[in-house]
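Participant: Sharing a structure here in structure tokens format.
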Amino acid sequence: MKRDRPEQQMQRAVVEHLAWFARPDVFSFHYPAGGWRSKIEAKILKAIGTVAGIPDVICIFKGRVFALELKSERGRLTEVQRATQGRLRAAGVTVATAYNFDDAIAQLATWGLLRDRRAA
């Protein structure tokens with residue numbers, strides 16, 4: 001049986017929502033640091049600057065950086081994710097964690113990253 005991946009499904013939905021509804025001047029992306037790596041590949045990635053715990057969706061808008069971690073309703077931040085979020089905040093990044101799709105979209109809207117669909 002295929003393993004259920006609610007966080008991956010939510011990330012896919014959030015990225016698709018951004019593709020349709022982000023303001024035109026928002027640049028968003030995913031930093032693919034997670035997943036299984038061989039020991040050699042992990043050492044190479046670390047040596048070239050890969051950082052563990054980076055949030056799932058990064059958005060840049062008007063010179064500001066926003067980082068959104070996506071978790072399932074039962075998901076919890078790891079210690080590495082907490083530490084990385086602290087370092088990001090110390091560097092001036094706006095960081096949040098969303099535990100479902102609706103909260104993720106609400107956070108993106110609060111940050112002003114989505115077009116106002118009522119005006120259309």
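Participant: How about the stretch 1-101: which chymotrypsin sites (Phe, Trp or Tyr not before Pro) there are in a DSSP loop, with at most 12 other Cβ atoms within 10 Å of their Cβ?
Facilitator: Trp36
Participant: Which trypsin sites (Lys or Arg not before Pro) from the stretch 1-41 combine a DSSP loop assignment with at most 12 other Cβ atoms within 10 Å? If you can, show how the numbers build up before the last one.
Facilitator: Details: sites: Lys2, Arg3, Arg12, Arg37, Lys39; in loops: Lys2, Arg3, Arg37.
In loop regions of the stretch 1-41 (DSSP not H, G, I, E or B), the sparsely surrounded trypsin sites (Lys or Arg not before Pro) are Lys2, Arg3.
Participant: While we're on this one: Taking the Cα centre of the chain as origin and charging only Cβ (+1 Lys, Arg; -1 Asp, Glu), how large is the dipole, in debye to the nearest 20?
Facilitator: Dipole of the chain, to the nearest 20 debye: 300 debye.
Participant: Enter the Cα centre distance for the pair the stretch 55-120 and the stretch 25-50, rounded to the nearest angstrom.
Facilitator: Cα centres, the stretch 55-120 to the stretch 25-50: 19 Å.
Participant: Which GluC sites (Glu not before Pro) does the stretch 51-120 hold that lie in a coil by DSSP with at most 10 other beta carbons within 10 Å? Let's see the in-between values first.
Facilitator: On the way: sites: Glu69, Glu73, Glu79; in loops: Glu73.
Loop-located and lightly packed - Glu73.
Participant: Select from Leu45, Leu68, Leu108 the residue whose mean-square fluctuation is largest in a Gaussian network model of the chain (Cα-Cα springs shorter than 10 Å).
Facilitator: Leu45
Participant: Using Cα pairs under 8 angstrom and six or more residues apart, how large is the relative contact order of the stretch 17-79, in percent?
Facilitator: 32 percent
Participant: Considering the options Gly49, Ala19, Gln8, tell which one lies farthest towards the positive end of the dipole of the chain, charges being +1 on Lys and Arg and -1 on Asp and Glu at the Cβ, about the Cα centre.
Facilitator: Result: Gly49, furthest along the dipole toward the positive end.
Participant: Find the relative contact order for the chain and round it to a whole percent, using C-alpha pairs within less than 8 Å whose residues are 6+ positions apart. Don't skip to the end; give the middle numbers.
Facilitator: Numbers: 138 pairs, mean separation 33.7, N = 120.
Once divided by the residue count of the chain, the mean separation gives 28 percent.
Participant: What does the extension gain come out to for Arg5 and Leu77, with contour length at 0.36 nm per residue minus their alpha carbon separation?
Facilitator: Gain in length upon complete extension: 24.3 nm.
Every read-out reported here was derived from the displayed coordinates using simple, explicitly stated rules and does not represent laboratory data. Worth saying up front: this structure is predicted, and the values here are computed from it rather than measured. Glycine also receives a Cβ, built like all others from the backbone with ideal geometry; neighbour counts cover every protein chain displayed.
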